[in-house]
Structures are given as structure tokens and as C-alpha cells.
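Presented below is the structure to which this report refers.
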Amino acid sequence: AETYYLRFHKNGVCDKIGSLTLTTKVPTKSTTLFDSPIYICPNVTTTLDAGPGYAAPGSIKWSTNQTSQKTSVGVGEYWVDLTNAAGCIYRQNISVKAVPLPQITGVEIQGGTVTVLVSDGNSPYQYSVNGSGYQTSNSFTNIPVGDYTIYVISKDQCIPVTTGINILRILNVITPNDDGKNDILDYSDLLRKDNPFLQIFNRFGVSVFKGD
């Protein structure tokens with residue numbers, strides 16, 4: 001962007017000097033939008049702000065067909081055309097990605113002690129039984145017999161991931177002699193478990209029943 005001079009020459013004619021001034025128009029990039037991805041929780045929206053300096057009508061055009069300085073979007077790929085006072089257009093791309101949620105990979109139950117196993121997502125995690133009283137430890141003790149829902153939240157504080165569990169009433173003896181005491185062993189709740197297996201031994205330690 002400067003002035004250039006040209007000499008016009010022809011034999012028998014005096015030279016002429018001409019000038020040509022070039023002006024460079026530089027597009028203006030947004031100071032509030034960045035090339036790195038924006039991470040948000042799944043199923044929520046965030047506000048994209050093109051920033052100041054684009055007050056003229058038509059100076060902002062989003063891929064969402066909006067022309068305001070700000071636009072609300074969910075997870076996806078977007079762009080915005082920014083036209084400055086010189087008339088130059090800069091297209092800026094914006095990537096909005098979902099925060100990876102944690103995955104409950106397993107729940108270990110030993111009597112009334114429940115241990116939750118989690119992977120993925122962004123740690124540290126918080127854990128809860130039935131959605132209240134979150135704690136940083138993945139173990140719960142003295143959980144009574146019954147059905148429960150385990151909740152896990154990552155540090156991003158997005159929606160919790162959940163899984164259902166059942167605490168069994170452990171009966172370790174059966175005496176089916178029709179005296180009304182320990183005649184029936186009901187472990188039908190095992191049907192809720194993955195790959196259940198049951199084995200019964202007599203008083204001498206000999207296996208008398210196996211079942212899945």
C-alpha cells in the first residue's frame with residue numbers, strides 16, 4: 001500500500017511520469033471469537049458474540065442467517081461473515097463441541113457397600129445415591145436393601161449420568177422342611193444383574209445346586 005511511479009517513454013517524445021497509488025483494505029477479525037473449539041454441555045446452548053466494530057447494517061451475517069452481534073447456538077459447526085468499514089469481508093469459523101460425559105463402567109456391591117467405577121469425561125467426579133448429597137468418594141456404605149439410582153457428575157457440572165442398582169437381601173441358609181422357617185430362598189432380584197450365578201452348598205461344603 002503505497003504510491004508507485006511509472007515512466008512513459010517514446011522515441012522523439014519527452015518522457016512522462018505517472019503515479020499509481022494502491023490502498024490495501026485489510027479485513028478485520030473478531031476479537032471475541034477464537035479458532036479453538038468452544039465446549040458446552042450436551043443439549044444446551046451458548047452465545048456467540050462477534051464483538052464490537054460491526055455496527056453498520058449487514059456487517060454481520062451468521063451461518064444461522066442471523067445478522068445481530070450475538071447468536072445462540074447448540075453443538076455444531078458455524079461461521080460468521082464480518083464486514084468492516086473498508087468493505088472487506090472476513091469469514092470466521094467457530095466450532096462448538098459437546099463436553100464428554102463420564103461413563104459408569106460398573107458398580108461393585110459387597111453387602112451394603114457400593115463402589116462406583118467411572119471412566120471418560122473430565123474428573124474429578126461427584127457421586128450420589130438417588131440424586132442428593134453428592135460426595136467426592138466413589139464408595140457408599142450402609143446402604144439398606146432396595147432399589148437405587150447412582151448419579152455421577154463430572155467437573156463440568158453437566159447433566160449427571162445414571163444407572164440403577166439393587167441391594168439384595170442376603171440369605172445364606174435354606175432349610176426346606178416345611179416348618180415355615182427358611183423354607184424358600186427367593187433371589188429373583190438376581191434377574192436384574194448382569195450374568196448372575198447362584199451356587200448352594202450343604203452343611204458339609206458339597207455343592208448341591210448351580211444356576212444362572
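How many of the residues making up region 125-160 are β-branched (Val, Ile, Thr), outside any strand (DSSP E or B) and free of Cβ contacts under 8 Å to residues at least 60 places away in the same chain? So that I can check it myself, show each step before the final result.
Kept after step one, since they are β-branched (Val, Ile, Thr), are these residues of region 125-160: 129, 136, 141, 143, 145, 149-150, 152-153, 159.
Then keep just the ones that are outside any strand (DSSP E or B); that gives 136, 141, 143, 145, 159.
From what's left, free of Cβ contacts under 8 Å to residues at least 60 places away in the same chain: 136, 141, 143, 145.
Within region 125-160, residues that are β-branched (Val, Ile, Thr), outside any strand (DSSP E or B) and free of Cβ contacts under 8 Å to residues at least 60 places away in the same chain number 4.
Considering region 161-194 alone, what residues qualify as being of a type in the set (D, E, K, R) and either open to solvent by 80 Å² or more (accessible area, probe 1.4 Å) or in contact (Cβ under 8 Å) with a residue 40 or more places away in the chain (or both)?
Arg169, Asp178, Asp179, Lys181, Asp186, Arg192, Asp194, listed by residue number.
When the residues of region 8-47 are filtered to those that are in contact with a Gly (Cβ under 9 Å, 6 or more places away or on another chain) and outside any loop (DSSP other than H, G, I, E, B), which remaining residue is farthest from Pro160 (Cα to Cα)?
Phe8
Yes or no: Gln103 open to solvent by 40 Å² or more (accessible area, probe 1.4 Å), within 15 Å of Pro42 (Cα to Cα) and touching an Asp or Glu at 6+ places or on another chain (Cβ under 7 Å)? Explain how you work it out, then say what you get.
Numbers: open to solvent by 40 Å² or more (accessible area, probe 1.4 Å): yes; within 15 Å of Pro42 (Cα to Cα): yes; touching an Asp or Glu at 6+ places or on another chain (Cβ under 7 Å): yes.
When the stated conditions are applied, Gln103 passes them.
When you go through (1) surrounded by 13 or more Cβ atoms within 10 Å (Cβ to Cβ); (2) in contact with a Phe, Trp or Tyr (Cβ under 8 Å, 6 or more places away or on another chain); (3) not in a loop (DSSP other than H, G, I, E, B); (4) not basic (Lys, Arg) one by one for Asn93, which number turns out not to apply?
Failed condition: (1).
Take Lys210 and decide whether it is in a strand (DSSP E or B) and free of Cβ contacts under 8 Å to residues at least 40 places away in the same chain. Reasoning before the result, please.
Working: in a strand (DSSP E or B): yes; free of Cβ contacts under 8 Å to residues at least 40 places away in the same chain: yes.
Against the criterion (in a strand (DSSP E or B) and free of Cβ contacts under 8 Å to residues at least 40 places away in the same chain), Lys210 qualifies.
Can Thr162 be described as farther than 30 Å from Thr46 by Cβ and among the hydroxyl-bearing types (Ser, Thr, Tyr)?
Considered against the rule, which asks whether it is farther than 30 Å from Thr46 by Cβ and among the hydroxyl-bearing types (Ser, Thr, Tyr), Thr162 comes out as no.
Out of Tyr5, Tyr78, Tyr54, which single residue is touching a strand residue (DSSP E or B) at 6+ places or on another chain (Cβ under 7 Å), surrounded by 12 or more Cβ atoms within 10 Å (Cβ to Cβ) and assigned to a strand (DSSP E or B)?
Going through Tyr5, Tyr78, Tyr54 in turn, the sole match is Tyr78.
In region 8-51, what count of residues is obtained for those that are open to solvent by 70 Å² or more (accessible area, probe 1.4 Å), over 30 Å from Val80 (Cβ atoms) and not hydroxyl-bearing (Ser, Thr, Tyr)?
Total meeting the criteria: 10.
The values are calculated or read from the model by the stated rules, or taken from the named source; none is laboratory data. Everything numeric in this text was worked out from a predicted model, so none of it was measured. No Cβ is skipped: glycine too gets one built from the backbone with ideal geometry, and neighbour counts run over all protein chains shown. These accessible areas exclude ligands, DNA and RNA; they are computed on the full protein's heavy atoms, side chains included. Shrake-Rupley method; radii C 1.70, N 1.55, O 1.52, S 1.80 Å.
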